[in-house]
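Heads up, the thing below is written out as structure tokens.
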Amino acid sequence: MNRIEQLFQRKDKNVLNIYFTAGYPGLNDTEDIILSLEKAGVDLVEVGMPYSDPLADGPTIQESGTAALENGMTLQLLFEQLAAVRKKTEMPLIMMGYFNQVMQYGEKAFFEKVAEVGVDGLILPDLPLFEYENHYKDLVESLGLAVSFLITPQTEPERIRKIDDLTHGFIYMVSSSSITGAKSEITDTQIAYFNRINDMHLKHKRLIGFGISNQQTFETACQYANGAIIGSAYIKALKNNPNVAECTAEFVKMVKG
Amino acid sequence: MIAVDERGYYGEFGGAYIPEMLWPNVQELRENYLKFMAEPDFQREFQSLLRDYVGRPTPLYLAKRLSEHFGVTIYLKREDLCHTGAHKINNTVGQILMAKRLGKTRIIAETGAGQHGVATATVCALMGLECIVYMGEVDIERQAPNVARMKMLGAEVRPATSGSQTLKDATNEAIRDWINNPVDTHYIIGSVVGPHPYPDMVARFQSVISEEIKWQLEEHTGKDYPDAVIACGVVAATPQELLPFPQRYPGAPDRGRSGG
Amino acid sequence: MRLIAVEAAGEGIHSGKSAATSVLGTKGVIHGSRTLLMQTADGQIVEPHSISAGLDYPGIGPLHAHLISSGRAEAISITDEESLEAALFLSRREGIIPALESAHALSALRVMKYEPTDVLVLCLSGRGDKDLATYMKHL
């Protein structure tokens, strides 16, 4: 059982997952950010692999990715940074990126490297379920990695069941049909969707992401799922205050109340 | 025609590498596009618009002075004579009929040179649908006449300001718009790119060009296949007019040649 | 029958300002399909360049990737400069002002090999009204 599954065994409420883009604001901030998030009481950290064309992300994450690439971030360097961080913390770590990055590294080599440096899970939003199931699932599972798939308000029940079957770790519930960072409030339509998913009694724990930015939205999300994921709001905070330790402590305090 | 397999692959290329947020839209299209295209009503409407609105068939013109210069026989397939001035409209007419049958009320598109944007704005005006065209900031400047045409036709032109501010970035923005509007919007992609079924659907709509070349060339020369077809680009997407041609591939004898 | 696919070499295939995907592209994913695209070794998509806005894209469609990599289609790369010359040539030789995109295809006639008895069909994909400002700048 990897660290993500262990986390959900001991905690199934108010799980806070925070996303950051590796290489932003500074090229070598990865370790500082992860350790600061841990210190502030975050449960799970999602490490974004900066990408030139992040289709599922909004402008905030795209800009941070562009800046990170300009800073010189590469997958090779990120793996080195994560291997070093893993010696200092047992925090569950997830890498999030786009499938083209995996292809260029070499799919098999990539998955093996992710496991080797001590990362626990993956989110690859544009990796089709079919491709995953037929080409990568066996390898990924044998390495003990937890792959999380996304569901949205438009995902049909039959497909949600399939995703529940293929998922390890948690299901990533996209709060509304949107790119990241697009909305600021949780609506009745969204709550109806959260309830509908609750009623399906899925096997896996669920975290709500997209549009979670503060204490109010975090608490609402936690009422309807096991926790939530915050990305753009944290990136914005880092943009305003690049002092990682200070910014992170303040931000997490603001969210958790 | 080189057929796409049911997963959307041509050999090792193709597929649908899209985030889950796009899945329902793409799936809806995938389940319906061949069915709709096969309906007699659809074909009637499509063919009559191509004839009476687009102005097809476009001429196959023997370019004598060009032939003379190069020392070979050159025919020009005059897609420049289509309504709106490019081949792009063949595809947008097809896709707007598709969008209507899917019950969509809002149309988005990306454009580089602006030809696809104009062709999309045109069919939206024709059908009374809202139209938003994403265009790179750099392209907005270098293709100003087409920006004006889109505005004249009632479309909203939204600048894409990321990256090199060209076609790739406009496409990114259009995809994001589609993610944010998963129910009422159809995305009219202008080239044989994007997730399955787009490349196949666009290619099918554009194959009218090659169908015409075949019978026109036969009228002109008695042979239904040229020795070579030349088309620009990969993005301007003209080579799909070759689609009905490569059916004898791979390596089958070239009947057009031996019979001609 | 040969299939000639003409792409944009920008300021030269290896100038760093090009959109010649058939030469510079490698296998990857762009805009939802697995195809050939211009990218770094780390999988970051490279910014393309072409004077033609319609060809200024770092990838090609999957069908074209298949036709080109299987050898069924031949790819020819044409620079900005060559396309401008071809546009002027067609305008004055046949009285047809082509789009910059189509001018790339025209320019391929200078480069490709053919027999004098061959019959070639060139797809003149669009007209050049939209490109007049660019043409005037280079006249």
Stretched fully, the stretch from A:Gln223 through A:Glu250 gains (0.36 nm per residue minus C-alpha distance, one decimal, in nm) 7.4 nm
Inter-chain shielding metric for C:102-111, i.e. average beta-carbon neighbours from other chains within 10 angstrom, reads 5
In this structure, the FRET efficiency calculated for B:Arg44 and B:Thr105 from their beta-carbon separation, with R0 = 25 Å, to the nearest 0.05, is 0.60
The FRET efficiency for A:Gln9 and B:Leu34, from their Cβ-Cβ distance with R0 = 41 Å and rounded to 0.05, is 0.30
Computed over chain B, the relative contact order (Cα-Cα under 8 Å, seq sep at least six) in percent reads 19
With every protein chain kept in place and a 1.4 Å probe, the residues B:Trp23, B:Trp178 fall, from largest accessible area down, as B:Trp23, B:Trp178
Under 25 Å between C-alpha atoms, the lysine pairs in region B:20-207 lying 8 or more places apart or on different chains count 13
Asserting the computed 222 nm helical MRE of chain A (DSSP H runs at least 4 long, -39500 (n - 2.57) per run, divided by residue count, to nearest 500) equals -13500 deg cm²/dmol
For peptide C:67-78, the mean count of other chain Cβ atoms within 10 Å per residue Cβ is 4
Asserting the computed 222 nm helical MRE of chain C (DSSP H runs at least 4 long, -39500 (n - 2.57) per run, divided by residue count, to nearest 500) equals -9500 deg cm²/dmol
Sorted largest first, the C-alpha extents of the protein assembly as shown along its principal axes in whole angstrom are 80, 50, 47
Pseudo-spin-label distance A:Asp138 to C:Ser91, built 7 Å along Cα→Cβ, given in nm, is 6.1
Protection proxy (average C-beta count within 10 Å per residue), highest first, orders B:128-137, A:7-16, B:58-67, B:200-209 as B:200-209, B:128-137, B:58-67, A:7-16
Log entry, pair C-B: total buried accessible area, probe 1.4 Å, protein chains only, in Å² rounded to 100, is 6700
Filtered hits (lysines, Cα-Cα < 23 Å from A:Lys203, offset >= 8 within chain) -> A:Lys11, A:Lys13, A:Lys137, A:Lys162
Of every Cα-Cα pair in chain B, the percentage lying beyond 25 Å is 46
So, relative contact order of region A:3-256 in percent, Cα under 8 Å, 6 or more apart, is 24
With the 1.4 Å probe rolled over protein heavy atoms, the protein assembly as shown has an accessible area per residue in Å² of 35
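The values are calculated or read from the model by the stated rules, or taken from the named source; none is laboratory data. These figures come from a predicted structure and were not determined experimentally. Quick reminder, even Gly has a Cβ in these numbers, built from the backbone with ideal geometry, and neighbours come from all protein chains shown. Calculation scope for accessible area: heavy atoms of the full protein, side chains included, ligands and nucleic acids excluded. Shrake-Rupley method; radii C 1.70, N 1.55, O 1.52, S 1.80 Å.
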